[in-house]
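Here is the structure we will look at.
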Amino acid sequence: MDKIESVIASLAKRDDQLAAKRITAQKALDKATKARQDALLSGDLDDQRALDKLQGMVDSATSALSGIDDALRLLAQQKAEADNQFVEERDRAGRAKVSEEITAAVSDIEKRVEPTLSAMREVAEKLMALDHLSFEVGQLGRHLSGVAGEAEIAFAFVVPDVRRLADAVKDGSAAIPAVRRPLSRSPLTLCRRP
């Protein structure tokens with residue numbers, strides 16, 4: 001991106017230089033046109049040599065101005081291409097960064113799933129073992145056991161889906177999230193639309 005920014009800056013500088021030259025060329029054309037008009041209106045119309053000289057000055061100034069205008073048009077195209085290239089590169093870099101954040105977060109989540117589910121099941125078993133003490137204790141144990149089973153199934157679908165999303169963001173088939181807020185203790189910034 002630094003190289004593209006350098007090209008854009010160089011093109012902008014050249015544009016400024018050409019714009020200044022255009023002003024000078026326009027003044028020269030205006031001056032030559034006025035001199036020709038003055039000669040035609042109040043000069044010696046029989047002095048063809050002088051009239052040809054004035055016409056040559058107008059033609060030369062017109063040509064110079066036309067050449068600068070052509071260069072400015074071409075330069076504008078080059079600037080537009082460089083700007084587009086910069087936007088595409090910035091977009092690619094942004095996509096890669098967001099994709100890496102998503103991948104890092106899902107990897108972190110994936111590492112924590114099994115220990116978390118195991119801990120939930122262990123607590124559920126211990127609570128169910130105390131089921132005879134109160135109805136609520138047993139119910140909580142069964143509930144935790146069910147939640148652990150449901151969470152395991154959900155993670156089996158969600159984790160690969162989020163990995164696919166990371167790939168889709170990177171290759172451009174999914175949009176870069178517009179609004180992001182950081183998750184606590186996680187490298188991922190969540191993407192949530194308002």
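Can you give the longest run of the chain that contains no trypsin sites (Lys or Arg not before Pro) sitting in a DSSP loop with at most 13 other Cβ atoms inside 10 Å? Walk me through the numbers before you get to the answer.
Values: sites that count: Arg185, Arg192.
Looking at the chain, 1-184 is the longest stretch - no exposed trypsin sites (Lys or Arg not before Pro) with at most 13 other Cβ atoms within 10 Å.
When averaged across all projection directions, what area in nm² does the alpha-carbon convex hull of the chain cover?
Working: hull surface 72.5 nm².
Average projection, Cα convex hull of the chain: 18.1 nm².
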Reachable aspartates and glutamates from Lys170, criterion Cα separation under 17 angstrom, eight or more residues apart if same chain:
Glu88, Glu89, Asp91, Glu100, Glu101, Asp161
For Lys126, counting only aspartates and glutamates whose alpha-carbon sits under 15 Å away and dropping same-chain residues fewer than eight positions off, the answer is Glu136
In Å and on Cα atoms, what radius of gyration and Dmax does the range 104-162 show?
13.7, 44
Roughly how many whole Å is it from the C-alpha centroid of the range 100-129 to that of the range 1-80?
73
Cα-based helix-to-principal-axis angle, 48-129 vs the chain, degrees rounded to 10
0
For the range 2-89, with equal point scatterers placed on the C-alpha atoms only and solvent neglected, what are the log10 I(q)/I(0) values from the Debye formula at q = 0.15, 0.23 1/Å, to two decimals?
-0.65, -1.00
Past 25 Å, Cα to Cα, is the threshold; run Lys3/Lys27; Lys13/Lys53; Lys31/Lys53; Lys31/Lys79; Lys21/Lys53 against it and keep the listed order.
Lys3/Lys27; Lys13/Lys53; Lys31/Lys79
In degrees, nearest 10, range 0 to 90: what is the angle between the Cα axis of helix 135-171 and the longest Cα principal axis of the chain?
20
So if I place +1 on the C-beta of Lys and Arg and -1 on the C-beta of Asp and Glu, and nothing else carries charge, what would the dipole magnitude of the chain be about its Cα centre? I want it in debye, nearest 20.
380
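No value in this document is a laboratory result; all are computed from the given coordinates. On a predicted model such as this, the values are computed, not experimentally measured, just so you know. Neighbour counts run over all protein chains shown; Cβ positions are idealised from the backbone, glycine included.
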